[in-house]
Amino acid sequence: MKKYFLWAFALCSFSVHAQHADVKIKFIGAKSNEATIILPVENTYFWPNKIVKKFEADSILDLSLNVGKISRVNIVSNFKNYIFYIEPGKSTVELDFRKNALSPILFKGANAEGQVLINKKAYEYFQDAAMEYSAADTTAIGLKAKIESDKEKELNRYTSLLDQKKISPSFYQLAKNELDYFYKGTMSYAVAHFFFSSQRPNSTVKFKKEHADLWEELYRNHSFTDSQALLTTDFYEFARYYTEYYKGVYSQYQKNVKDDRANLSSDELIIRTYTGFEANFKGKVREYMLASLLFNEAYQEKFPKMLITLTEKFNEEYPNNKYSPLFEDKIDEIVKFHTAAKADYTSEQKFVVDYARVNTVDELLGKFKGKTVFVDLWATWCGPCKAEFEYGEELEEFLKANEAEMLFISMDKDAADQQWKDMIKFYDLKGYHIRTNAALQKDLIDKLWGGKGYSIPRYLILKDGKIVVDKALRPSSKDKLYEQISSYLMKKEAE
């Protein structure tokens, strides 16, 4: 059995006196052979502080940590995110990804039953829970009662384990904090849902005084000064909703000021959120919230220029912070993006002639008669779309060698026009380009998705002006995709 060693040094969670912890992680039945280990930063949950490691089917990852009294470790693999609170000593984690596995999680070490319990949450995201609660009961009294009842039931399980001395007081407090912010976030988002839904034209949803009172009660009774809350999964989103929705949009609504966020640029939105965090938080919480905002915005790869300025400002205010070095590569990418945007288009970056006036799919396809074309439907806001650009160079070489063409169709709206053009340069997207107008986008949605919205990335293969494959493989499929395209090459017929 092969072993891989990960030497990582997590800052102490509850004590300045670091102690040693060895964790063996075994993966069973994993389809993906990649695991991400997320470690705390100064006793806070900060996603960029991670180690990504490949493993084989029969392998064990050995994780060696310096911890305090207890430390949070997240393991992300095969589309699942696990939370463990590790104490000094030796622990073993078995993650079984097989369908119908009797024990998906086995833990040997301190707080074993608590470790399994905390990974049995019904919802991974409190936003999903909020939507179900708000659909089940539209009254503020009923909503609050149900959420608090469910929270108490979950907490009682940990209380029972604590009473039986099966978990430590430190583990219990961390689990309690995790539940607390999950359900606070759920309640805040549910109330926000009622508010924003009521603002839509012709909406039948009512935002009543009882909802407003519940929102006010939730935040009035909360202090944003507890640094231990920064180790929970949901604190950041809960606190962000406080500044953006409750203190921001709702407070303005009470003054009869309309929500203007739709009219703001990405830079203006980021500045508003950043200054909101500055005004509403203090001390360690403020530093954490600002750092998390900068990372989250940079991670989306929309490349807002203002992030460069705000990161410089953050580093000046917190010169010894441990956060910004973990996402400085993302800020460097933003600098490169805006440098690339100043350059001219290359001869291989071409726009469909008169593209703004192309209103139908047939009209667009007619421009590519006599050719084999691989089509990439994407948008500047689509992360998975942009992730596939990594495989573009090899695809371009294949298409060029086989006298085939590349067509990029952007589903972006008019407001993203410049962003679309800049991304063509930054990602060096060789081929033909078109951004859909409203008519063309509607026709695409009708023909490809049956008029029921759309999902991207999506890929097509055209031959002689007609769609011959409406769900082609992704560029990351490489040889399998090239084989798929080869079946429709025009030059084969010529030969």
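Please treat every number below as a calculation from the coordinates, not as lab data. Owing to the predicted nature of the structure, the values given are computational and were not obtained by experimental measurement. Every residue, glycine as well, gets a Cβ built from its backbone with ideal geometry; the counts of neighbours run over all protein chains shown.
Tabulated data for the structure shown
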read-out: Links that overshoot a 22 Å alpha carbon limit, given the list Lys206/Lys413; Lys247/Lys282; Lys302/Lys386; Lys367/Lys442; Lys146/Lys208; Lys69/Lys108; value: Lys206/Lys413
read-out: Label zone at Phe79, where the point sits 7 Å out along the Cα-to-Cβ direction: the stretch 88-123 residues whose backbone N lies under 15 Å; value: 97-100
read-out: Angle in degrees between helix 209-220 and the longest Cα principal axis of the chain, rounded to the nearest 10; value: 70 degrees
read-out: Phi to ³J(HN,Hα) by Karplus 6.51 cos²θ - 1.76 cosθ + 1.60 over the stretch 67-80, Hz, x for Gly, Pro; value: 10, x, 5, 7, 9, 7, 9, 9, 10, 10, 7, 6, 6, 10
read-out: Crossing angle, helix 266-280 versus the chain [Cα axis fit, 0-90 degrees, rounded to tens]; value: 10 degrees
read-out: For the stretch 288-296, 3J(HN,Hα) per residue [Karplus equation, 6.51 cos²θ - 1.76 cosθ + 1.60, θ = phi - 60°, Hz, x = Gly/Pro]; value: 5, 5, 5, 5, 5, 4, 4, 5, 4
read-out: Placed amide H near Val469: partners under 5 Å, 5+ positions off or other chain; value: Ile461
read-out: Footprinting exposure proxy for Lys258, Lys367 (fewest neighbouring C-beta atoms within 10 Å first); value: Lys258, Lys367
read-out: Rounded FRET efficiency, nearest 0.05, which uses the C-beta distance separating Ile467 from Gln228 and R0 of 56 Å; value: 0.50
read-out: Cross-link reach list, aspartates and glutamates versus Lys322, counting only Cα pairs under 12 Å and skipping chain neighbours closer than eight places; value: Glu42, Glu287
read-out: Residues with amide H under 5 Å from that of Phe408, placed H, sequence gap 5 or more; value: Asp376, Tyr432, His433, Ile434
read-out: Given Lys31/Lys447; Lys120/Lys209; Lys336/Lys478; Lys430/Lys466; Lys447/Lys478, the pairs whose alpha carbons are separated by over 29 Å; value: Lys31/Lys447; Lys120/Lys209
